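Following: one structure in structure tokens, then a few remarks.
The values are calculated or read from the model by the stated rules, or taken from the named source; none is laboratory data. As the structure is a prediction and not an experimental result, all values here were calculated from the model. No Cβ is skipped: glycine too gets one built from the backbone with ideal geometry, and neighbour counts run over all protein chains shown.
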Amino acid sequence: MTQAIIEIRNVSKRFPGGVTAVDSISLDIAAGEFFALLGPSGCGKTTLLRMIAGFEVPTEGEILIDGQPMVGVPPNKRPINMVFQSYAVFPHMSVIDNVAYGLKMDGVEKQERLRRAEEALGLVKLGGFGQRLPHQLSGGQRQRVALARALVKRPKVLLLDEPLSALDAKLREAMQIELVRLQQSVGITFVIVTHDQEEALSMANRIAVMDKGLVRQVAPPAELYEFPNCRFVADFIGKTNLLEGQVVGLEGANMLIEVKGIGRVAVPAAEGVAGDVRVAVRPEKLRLDKNEPTADRIHFRGRVTDIAYHGDSSWVFVTDPAGHSLMTAIQNEARSTQQSVVVGEEIWVSWAPGDTLLLND
């Protein structure tokens, strides 16, 4: 990994009343990285971001930015800038004055700060918008103003606290692409806080998944999705089917698992897995067939109980012999209003053994 620009060393944050928001977290964020802190509400991700920014002080541990300890360093003296969820643009100022405001407070000469502000507006594709007032802009444009204002001071790190949450779904997707483009063009380290797994997966180089003040796993998006290290990550990142199982033996390179409702199956052995396990399979790995699948696939006979239509795909829910409901994903490839399966139909469900995840917790 490239040299770390942010080093978090055994950082904890406890609030009055015994609430531990962040619990002994250690991680490094590389220079030039797009890093995401992902987790449900109350997991501690925003508190951790605020400690990096200097708005909260760690109860224990230390934070270093660009090799320098941040103990006692106020937010305005740190080589960072922050974009808030609410954007916090000044309604009475023009766009150009909003963007140049931080430079004005730093005593930058007027001509130079206006030049840099125009340059920043060009980066976020708002060239020519400088004389408008915030109320004359769309939500996405106001968000870009907030980004330009943060970038104009040329920070080493840009912190983003749920920056897209106030946008509608289509604009949010467009801005995800824009943020990635912007980060790559300026080369600044971006650290984003989000509870939206799809947002994190589509934007970040690496993601730290947080739960109850702890970091459960740090990995690139594809690794998090395909190889989660625990039940929480498997369940939080994307959708997954979790079945109860028990390890009953080994057979060459395979592990024999007795899966409740399905029977004994052989899957590739997983390190550190023993006893009672959770058998996890992603919905898109499951296949539905009218005829019994070949013996090289794990399979069972089930009944379709529900179908949820999502345009390009449908979620098909099938009950296994133990009464568990499994979700499968099918692509709606044909231009038709008819589904390929119907509620009440008996059908074969199968998956490749290599697509099985074994989790102990």
Point to revise | Hey, Gly261 in a loop (DSSP other than H, G, I, E, B), closer than 24 Å to Pro40 by Cα and modelled with pLDDT under 90 or not | key: no
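Residues being hydroxyl-bearing (Ser, Thr, Tyr) and farther than 21 Å from Phe190 by Cα: count how many of those fall in the stretch 82-113.
Restricting attention to the stretch 82-113, the residues satisfying the condition of being hydroxyl-bearing (Ser, Thr, Tyr) are 86-87, 94, 101.
If we keep only those that are farther than 21 Å from Phe190 by Cα too, we end up with 94, 101.
The qualifying residues number 2.
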Arg282 passes all but one of the listed conditions (1) under 16 Å from Gly323 (Cα atoms); (2) of a type in the set (D, E, K, R); (3) buried (at least 16 other Cβ atoms within 10 Å of the Cβ); the exception is number (1)
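When residues of the stretch 237-255 are filtered for being assigned to a strand (DSSP E or B) and in contact with a Lys or Arg (Cβ under 6 Å, 6 or more places away or on another chain), how many remain? Walk me through it before giving the result.
Initial filter on the stretch 237-255 (assigned to a strand (DSSP E or B)): 241-251, 254-255.
Next cut, in contact with a Lys or Arg (Cβ under 6 Å, 6 or more places away or on another chain) only: 242, 244.
The qualifying residues number 2.
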How many residues of the stretch 296-322 are closer than 22 Å to Leu256 by Cα and either touching a helix residue (DSSP H, G or I) at 6+ places or on another chain (Cβ under 9 Å) or assigned to a loop (DSSP other than H, G, I, E, B) (or both)? The answer is 6
Restricted to the stretch 65-111 and to residues being surrounded by fewer than 17 Cβ atoms within 10 Å (Cβ to Cβ) and among the basic types (Lys, Arg), the residue farthest from Pro163 (Cα to Cα) is Lys110
For Pro293, the lone unmet condition from (1) within 22 Å of Phe227 (Cβ to Cβ); (2) assigned to a loop (DSSP other than H, G, I, E, B); (3) modelled with pLDDT of 90 or more is (1)
Please determine whether any residue of the stretch 70-92 is of a type in the set (A, V, I, L, M), closer than 16 Å to Ala148 by Cα and out of contact with any strand residue (DSSP E or B) (no Cβ under 8 Å at 6 or more places or on another chain). yes
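Of all residues in the stretch 270-290, which are part of a loop (DSSP other than H, G, I, E, B), touching a residue at least 60 places away in the same chain (Cβ under 8 Å) and farther than 19 Å from Trp348 by Cα? Outline the logic, then answer.
Pass one, the stretch 270-290, residues part of a loop (DSSP other than H, G, I, E, B): 270-275, 282, 286, 290.
Right, trim to touching a residue at least 60 places away in the same chain (Cβ under 8 Å) and you get 270, 272-275, 282, 286.
If the condition is that a residue be part of a loop (DSSP other than H, G, I, E, B), touching a residue at least 60 places away in the same chain (Cβ under 8 Å) and farther than 19 Å from Trp348 by Cα, then Ala270, Gly272, Val273, Ala274, Gly275 are the ones that fit.
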Checking Glu118, Glu62, Glu56 in turn, the sole residue that is surrounded by fewer than 20 Cβ atoms within 10 Å (Cβ to Cβ), touching a Pro at 6+ places or on another chain (Cβ under 8 Å), touching a residue at least 12 places away in the same chain (Cβ under 8 Å) and charged (D, E, K, R) turns out to be Glu62
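With the requirement that a residue be of a type outside the set (Phe, Trp, Tyr) and part of a strand (DSSP E or B), what does the stretch 30-78 give you?
The answer is Ala30, Ala36, Leu37, Leu38, Glu60, Gly61, Glu62, Ile63, Leu64, Ile65, Gln68, Pro69.
A quick yes/no check of all residues on (1) hydroxyl-bearing (Ser, Thr, Tyr); (2) within 15 Å of the chain's Cα centre (by Cα):
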{"position": "Gln3", "(1), (2)": "no, no"}
{"position": "Ile8", "(1), (2)": "no, no"}
{"position": "Ser12", "(1), (2)": "yes, no"}
{"position": "Asp23", "(1), (2)": "no, no"}
{"position": "Leu27", "(1), (2)": "no, no"}
{"position": "Ala31", "(1), (2)": "no, no"}
{"position": "Pro40", "(1), (2)": "no, yes"}
{"position": "Cys43", "(1), (2)": "no, yes"}
{"position": "Leu49", "(1), (2)": "no, yes"}
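Among the listed residues Gln217, Gln184, which satisfies the condition of being surrounded by fewer than 18 Cβ atoms within 10 Å (Cβ to Cβ), in contact with a strand residue (DSSP E or B) (Cβ under 9 Å, 6 or more places away or on another chain) and polar (S, T, N, Q)? Steps first, please.
Details: Gln217 fails: surrounded by fewer than 18 Cβ atoms within 10 Å (Cβ to Cβ).
Answer to the check: Gln184.
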Scanning the stretch 241-298 for residues that are within 33 Å of the chain's Cα centre (by Cα) and among the polar types (S, T, N, Q) gives Asn241, Gln246, Asn254
